[in-house]
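J.: Provided herewith is a single structure, encoded as C-alpha cells, for subsequent inquiry.
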Ligand SMILES: [Zn+2]
C-alpha cells in the first residue's frame, strides 16, 4: 500500500490528465469526455481528496459532466446585495453558486 501522500499525488496527476482528455474530446466525442469526468469523481472519492480548485467549475460534482462539452451547462448572473454566478448542469440539474468579482465574471462569460 502506497503512502497516502503518494496516493494523493497520483490521484491529482490522473485527474489532471483526465480533465485534459475531457477538454480535448468534449466537442467531437462528448461521451468520452463524460466518461473521463465520471472517472475524475471516482478518483476523488477513492483517494478521499476534494476536486482541485482549478477544476471545480469545469465539472459537475454530482454527475461528472465536464463543462467543456458545449451546451452542458447554463450560466446566469444574479445581481443583488451579493452578485453571484449561477451555474446549472443541464444533465442533472445540479446548481452551483459562485460569488462573483469582476475578473471571475469576465472569465465565466469567456
Ligand atoms: Zn450534473
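The values are calculated or read from the model by the stated rules, or taken from the named source; none is laboratory data. Owing to the predicted nature of the structure, the values given are computational and were not obtained by experimental measurement. Counting neighbours? That spans all protein chains shown, and the Cβs are built from the backbone with ideal geometry, glycine included.
J.: Please indicate, with yes or no, whether at least one residue in the stretch 97-110 is in contact with a strand residue (DSSP E or B) (Cβ under 6 Å, 6 or more places away or on another chain), in a loop (DSSP other than H, G, I, E, B) and surrounded by 12 or more Cβ atoms within 10 Å (Cβ to Cβ).
T.: yes
J.: Please indicate, with yes or no, whether at least one residue in the stretch 79-100 is within 22 Å of residue 11 (Cα to Cα) and either within 13 Å of the ligand (Cβ to nearest atom) or modelled with pLDDT of 95 or more (or both).
T.: Within the stretch 79-100 (the criterion being within 22 Å of residue 11 (Cα to Cα) and either within 13 Å of the ligand (Cβ to nearest atom) or modelled with pLDDT of 95 or more (or both)), the answer is no, since none of the residues qualifies.
J.: If the requirement is being farther than 22 Å from residue 92 by Cα and buried (at least 16 other Cβ atoms within 10 Å of the Cβ), which of these qualifies: 11, 16, 22, 33?
T.: Criteria check complete, one pass: 11.
J.: Within the stretch 21-39, track down each residue that is under 14 Å from residue 58 (Cα atoms) and not in a helix (DSSP H, G or I).
T.: Within the stretch 21-39, 26 is the sole residue that qualifies.
J.: Continuing with the same structure: What are the residues in the stretch 85-94 that are surrounded by 11 or more Cβ atoms within 10 Å (Cβ to Cβ) and either assigned to a loop (DSSP other than H, G, I, E, B) or out of contact with any helix residue (DSSP H, G or I) (no Cβ under 9 Å at 6 or more places or on another chain) (or both), if any?
T.: Correct list: 86, 88, 89, 90, 91, 92, 94.
J.: Being under 11 Å from the mean Cα position of the chain (by Cα), surrounded by fewer than 18 Cβ atoms within 10 Å (Cβ to Cβ) and not in a loop (DSSP other than H, G, I, E, B) is the filter here; which residues of the stretch 46-84 pass it?
T.: Answer for the stretch 46-84, where residues must be under 11 Å from the mean Cα position of the chain (by Cα), surrounded by fewer than 18 Cβ atoms within 10 Å (Cβ to Cβ) and not in a loop (DSSP other than H, G, I, E, B): 53, 54, 56.
J.: Is it fair to say residue 43 is over 11 Å from the mean Cα position of the chain (by Cα) and modelled with pLDDT of 95 or more?
T.: In short, yes.
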